[in-house]
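The values are calculated or read from the model by the stated rules, or taken from the named source; none is laboratory data. Note that this is a predicted model, so its numbers are computed, not measured. No Cβ is skipped: glycine too gets one built from the backbone with ideal geometry, and neighbour counts run over all protein chains shown.
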């Protein structure tokens, strides 16, 4: 039984729809300015008799004219007028239990189209006869809001010969392109969630936390092939391209694009009610214009080609196979999947293709160390899943080393490098009990392009044809004290020379750099572990700000505001005059510091107004800027370390709001004195004189300034509390 919310979202409301019946003529007008030679070529091909391949080569998924649309659609939909599956028995026996519901739905849609009375009556009788025959032939039960009526909206604009031809068009679209089980909590919507999780885990998390499942807003998109949500001037050219492309999964990628279009507005609706978000999303396709269609379909194609292809073969039978309608184990796996599965065959093909276009994988072998050392894929990075529970600190450091290794492999042009992460277990359920926890760890960090290798290493070893792709490692355990510091070195050193001979010089450069830094890295990791376990270290975590946090003790008594946001900033350079000493630090170790709350990639301006790729970091008490080193991608210079309580202003440019400037009121030495004062409950007597600032370009400047402002408020509260006299 559907919930009330579900029933509301599944109902179709066309009350606001305008007269769209003649807009197919507008589609023809819109293409008049284009080169029409291809239309003439298509007419000639149709006269001679052509197939889908010829139509696709000539039409290239472009919008069609009225005289071509019906003939092209019939070929694309593979409608054989002599085939028995399209036989139509016009018995005029309209005796279904739902007959009145069918008539009411047809009347509602035709009334919105504002047809002439005679034409409306004819169309109504045709649609009712076709739906009745389809229900009887396929043993289907008509349900209000199932999207069938909306499929007829584009079809009745065609100059179809009779009810038999109309039935053939409807039946082919319904059986070929509408997935099975398009109902509340149905398989297609679970698959769509996996695709969304793959491409945008942040947005997927937004929906999950609010319990907004995709069937609540995308039901009519999928069940009507967007005809129920788009006006006819959009649906007709959209279907022109859709049928030429002949991709049954394309509706899912169109839905992804709609969500990407709406993402910014959705995140702004975080505090809105659930039904408001669902209502906004349900109407999203109605905002498309004819001018948007090219970009809309091009972006959908981009997502389609940037997605593992093996899921299509994996899930085709349970979504589109009309012969086998049993609930298979594969269908069950859609409901149970943590993320998108990838076949080992696809992984191996991607490895062998090397630099060819398509999805490129960075394979992460999560088996225990002894199994990995015995034999593994030569391009696989090792991340022992057992470490997640047995040694979380080492796991976190190794996980960050994974990203560094991945980027190094990509930069080197190695076939081991790919933007898409595929995690692989042994293929044994008992041994892989922690694999899902590892994958969940990366998904919680909003890592894009995360998948799991179906069947694990067991299937891979049986599938692989080239024995040289499997290799052994020197016997080493994950408990080796040097394993943290050498993880990055080992994974890079093993993969780069094994893939491309032309990367030999790059490998030598990287391995040389790693060797010279190995002791330093290990020392820094040890120092990091010691530092984070020190009782004085701050273990602050991000939390929501209460109303009291926003209002109480925002400023020190008798002092100027510690925070202000100006609309312009014309005197940045004066504050950038001081050169400060920098400290060489390890980026991964810094990212793992427990006191860090926020991290933003940015460009830092030096005293000459030259920009440098950097990181802007914030803890509960400090603001840090780490400037990346071009020659050492894992290391950075700590060029700024400032107490939040010394920030007097945060200013931004009017024309470029992403450029923000942090102004400070104390020197570096005074910062340290201020820090000691807070730690030992002493009151600093130094006056605040603006002497320095940092200017950065932050793409996500709005989020950064908002979050840092909250931290400043909290830091001021802490400072005031530390200076209040203690009661005996």
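Please find, within the range 27-37, the residue that is modelled with the highest pLDDT out of those that are surrounded by 14 or more Cβ atoms within 10 Å (Cβ to Cβ) and either assigned to a loop (DSSP other than H, G, I, E, B) or over 35 Å from the mean Cα position of the chain (by Cα) (or both). The residue in question is 28. Kindly list the number of the only condition in (1) more than 25 Å from residue 73 (Cα to Cα); (2) in contact (Cβ under 8 Å) with a residue 12 or more places away in the chain; (3) in contact with a helix residue (DSSP H, G or I) (Cβ under 9 Å, 6 or more places away or on another chain); (4) surrounded by fewer than 18 Cβ atoms within 10 Å (Cβ to Cβ) that fails for residue 101. Result: residue 101 fails condition (3) only. Being assigned by TED's automatic domain parsing to the domain that holds residue 665 and either in contact with a helix residue (DSSP H, G or I) (Cβ under 8 Å, 6 or more places away or on another chain) or modelled with pLDDT of 85 or more (or both) is the requirement here; does residue 592 meet it? For residue 592, the condition - assigned by TED's automatic domain parsing to the domain that holds residue 665 and either in contact with a helix residue (DSSP H, G or I) (Cβ under 8 Å, 6 or more places away or on another chain) or modelled with pLDDT of 85 or more (or both) - is met.
Cβ-Cβ contacts under 8 Å between residues 6 or more apart (or on different chains), taken from a first residue in the range 271-293 that is over 19 Å from residue 234 (Cα atoms) and in the same structural domain as residue 226 (by TED's automatic domain parsing) to a second residue that is modelled with pLDDT under 90 and surrounded by fewer than 19 Cβ atoms within 10 Å (Cβ to Cβ), are listed as 274/5; 275/5; 275/8; 278/5. If you check residue 157 against the conditions, is it surrounded by 21 or more Cβ atoms within 10 Å (Cβ to Cβ), modelled with pLDDT of 85 or more and not in a helix (DSSP H, G or I)? Spelling it out, residue 157 is indeed surrounded by 21 or more Cβ atoms within 10 Å (Cβ to Cβ), modelled with pLDDT of 85 or more and not in a helix (DSSP H, G or I). Among the residues making up the range 197-213, a single one is within 16 Å of residue 268 (Cβ to Cβ), free of Cβ contacts under 8 Å to residues at least 40 places away in the same chain and buried (at least 18 other Cβ atoms within 10 Å of the Cβ): 207. Exactly one residue out of 138, 133 is out of contact with any helix residue (DSSP H, G or I) (no Cβ under 6 Å at 6 or more places or on another chain) and buried (at least 17 other Cβ atoms within 10 Å of the Cβ), and it is 133.
Here's the yes/no breakdown for (1) in contact (Cβ under 8 Å) with a residue 40 or more places away in the chain; (2) crowded, with 21+ Cβ neighbours inside 10 Å; (3) not in a helix (DSSP H, G or I):
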site: 371; (1), (2), (3): yes, no, no
site: 393; (1), (2), (3): yes, no, no
site: 398; (1), (2), (3): yes, yes, no
site: 401; (1), (2), (3): yes, yes, no
site: 404; (1), (2), (3): yes, no, no
site: 407; (1), (2), (3): yes, no, no
site: 415; (1), (2), (3): yes, yes, yes
site: 418; (1), (2), (3): yes, yes, yes
site: 421; (1), (2), (3): yes, yes, yes
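Among the residues of the range 599-624, the one identified as within 16 Å of residue 711 (Cα to Cα) and surrounded by fewer than 16 Cβ atoms within 10 Å (Cβ to Cβ) is 599.
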